[in-house]
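Data first, discussion second: the structure below is written as structure tokens.
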Amino acid sequence: MAKPITIQDVKTIMTQPAGSRLVIVKIITSEPGLYGLGCATFTQRCHAVHAAIEKHLKPFAIGRDVSRIEEFWQMAMVHGYWRNGPVLNNAISGFDQALWDIKGKLAGMPVYDLLGGKCREAAAVYGHAGGSTPEEVAESVRSFMAQGYRHIRIQMGGYGGKAASLHKPDGAPEGAYYNPREYTRRMLKMIEHVRCEVGDGVELLHDVHERLQPIDAVRFAKDVEPYNLFFLEDVLAPEDNGWFRDIRSQCATRLAMGELFNSPHEWKLLIEEHLIDYIRMHVSQMGGITPARAVTLFANVYGVHTAWHGPGDTSPVGHAANLHLDLWAPNFGIQEWCRFNDLVYEMFPGLPEVRDGYMYPNDQPGLGIDIDEALAAQYPVRDVVEQWTQTRWPDGSPARP
Ligand code: MG
């Protein structure tokens, strides 16, 4: 039997070519020139992920057989005894995706072929339209349509909306204030306006970003039903999962959920009970391609489609991983796309191209993406205390971002 190829070294690459701090794992193997890349990006806590990789998972990984992806994932998940958290899951994802990349390179196949082969040539993507008035949002939608997008998310004034009126108490601290009750009234008018302006020929999406009290989420999901959204996203927080039953029993608005999920406990019931239509985990946050493949097949049995999280704080390597899953999944629904700038394309050769509302693979073996480490080193991460996540209700008390 041939000697196995093993993990010889692991590098954690941190870089910030655009808005988000990115964390990439590079596994260097015992085979000269053979390496793999994986996304481990948890932008708000990147140093914690860095430490988890360097101090805990790297010593665990060195010397292991690169072919045993499943065994690696299962053991890495329980090795620390406590499990299913964002820091550990992202760190494991970096290894998991890199091992899939390596397996593809060894096989001479793209990862979608390892998963079972393509169901489609490209993945339909949605873009983010926005503005500060309903008229501006409609204009932004038209500009996406002109670029070939047929699925467009519509937001007004950022997550939670920009409150026209806030009645803060004296001495209220600084923060990202919003008014959830006003938000629902203004968004309903915006969605109605945009639908009337652009017609039925385009799919519209909206992200509530878990900004509502559960009963207001129930009412909002009912109120938007006539506008036939492609989906309404994160209308509830994961902590309020049980309220999906109330929404489901009262309207047929298509629901997407899951970017904050860490654990099977959070998604199993929603899928089994047909309480959502789109599962949209952040693939690195759930631990990589290995668990995403399992969730995809589980969801497929219940008629639930995939819509993996794809913002700027999914690294280009993570977007490549999303695309391979999208091309293979029988129950692929839609892919979120954040439109990276030219510098990011230069830093990550092979980053998938989007044309006319579709994301295309480059058909290279593995994930088909690389990193220019010298260029990445020119853009070190910038440490700041995040402001947008210091969200507050109108009386100044902390709210979910
Ligand atoms: Mg979202």
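On a 0 to 90° scale, report how tilted helix 289-301 is relative to the longest principal axis of the chain, with both axes built from alpha carbons and the result rounded to the nearest 10. Helix 289-301 and the main axis of the chain meet at about 50 degrees. When the residues His79, His305 are ordered by accessible surface, computed with a 1.4 Å probe over the protein chains alone, the sequence from largest down reads His79, His305. A Cβ-based charge dipole, computed about the Cα centre of the stretch 209-283 with Lys and Arg at +1 and Asp and Glu at -1, lands at about 160 debye. By the scheme Lys and Arg +1, Asp and Glu -1, what is the net charge of all other residues having a beta-carbon under 13 Å from that of Ala146? Surrounding charge for Ala146 is 0.
Accessible area ranking (1.4 Å probe, heavy atoms, ligands and nucleic acids excluded), largest first, for Ser20, Ser315: Ser20, Ser315. For an R0 of 22 angstrom, estimate the FRET efficiency from the Cβ-Cβ distance between Leu297 and Ser30 and round to the nearest 0.05. Using R0 = 22 Å, I get an efficiency of 0.10. The modelled label-to-label distance for the pair Cys119/Arg355, using points 7 Å beyond Cα in the direction of Cβ, is 2.5 nm. For Ser165 and Gln250, a Förster radius of 51 Å and the Cβ-Cβ distance give a FRET efficiency of 0.95, rounded to the nearest 0.05. When the Cα gyration tensor is reduced to axis lengths a ≥ b ≥ c, the ratio a/c is 1.5 or higher for the stretch 124-256, and with a/b not above b/c it is classed as oblate. The alpha carbon gyration tensor of the stretch 1-87 gives principal lengths a ≥ b ≥ c with a/c of 1.5 or higher and a/b no greater than b/c, which makes the shape oblate. Compared with the dominant principal axis of the Cα atoms in the chain, helix 180-198 is inclined by about 90°. Length gained on full extension, Arg142 to Glu174, computed as 0.36 nm times the residue gap minus the Cα-Cα distance: 8.0 nm.
Stokes-Einstein at 4 °C, 1.567 mPa s, Kirkwood radius from Cα pairs: D for the chain in µm² s⁻¹?
Values: Rh = 21.8 Å.
Stokes-Einstein gives a translational diffusion coefficient of 59 µm²/s.
With Cβ to Cβ distances under 15 Å as the rule, what net charge do the other residues near Phe230 carry (K, R +1; D, E -1)? With Lys, Arg at +1 and Asp, Glu at -1, the neighbours total -3. Spatially, the stretch 64-79 and the stretch 163-233 are offset by 43 Å when compared through their Cα centroids.
Angle, helix 69-79 long axis vs. longest principal axis of the chain, Cα atoms, 0 to 90°, nearest 10? Between the helix axis and the principal axis of the chain, the angle is about 70 degrees. The alpha carbon convex hull volume per residue for the stretch 32-189 rounds to 206 Å³.
Restricting the count to DSSP beta bridges whose residues both fall in the chain, what percent are antiparallel, rounded to a multiple of 5? Kindly include the intermediate steps, with their values, before the conclusion.
Values: 20 of 43 bridges.
Here the antiparallel bridges make up roughly 45 percent for the chain.
Using 0.36 nm per residue and subtracting the Cα-Cα separation, the extra length available between Phe60 and Val381 on full extension is 112.9 nm. If R0 is taken as 25 Å, the Cβ-Cβ distance between Glu225 and Trp393 corresponds to a FRET efficiency of 0.40.
The values are calculated or read from the model by the stated rules, or taken from the named source; none is laboratory data. Just so you know, these numbers come straight off a predicted model, no measurement behind them. Here the Cβ is made from the backbone with ideal geometry for all residues, glycine too, and neighbour counts use every protein chain on show. These area figures cover heavy atoms from the full protein model, side chains too; ligands, DNA and RNA do not enter into them. Shrake-Rupley method; radii C 1.70, N 1.55, O 1.52, S 1.80 Å.
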